[in-house]
Amino acid sequence: MTATLTAATCPTCRARFADVDLFDAHRQRGACHDPAAAGLIRIDGIWTEWLLLIGADA
Ligand SMILES: [Zn+2]
């Protein structure tokens, strides 16, 4: 698997995200929230979203 996305790891909850925007999605009001609650999905331990997978990200 060759992932070329710019991954971001949260220093607080150690969650890994495929994109900085996704990292921001789980940070609200200065605290970590469940990425799944923000509509994200986890693949191979990295949180991502369907839009990125199908390449339809605007
Ligand atoms: Zn976090």
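What follows draws every value from the coordinates through simple rules; no lab data is involved. Because the structure is a prediction, the values reported are computed rather than measured. Here Cβ is always computed from backbone atoms with ideal geometry, including for glycine, and neighbour counts include all displayed protein chains.
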Residues of the range 4-44 satisfying the condition of being in contact (Cβ under 8 Å) with a residue 40 or more places away in the chain and not aliphatic (A, V, I, L, M): 44
Of all residues in the range 11-43 being among the charged types (D, E, K, R) and more than 18 Å from residue 54 (Cα to Cα), which is surrounded by the most Cβ atoms within 10 Å (Cβ to Cβ)? 16
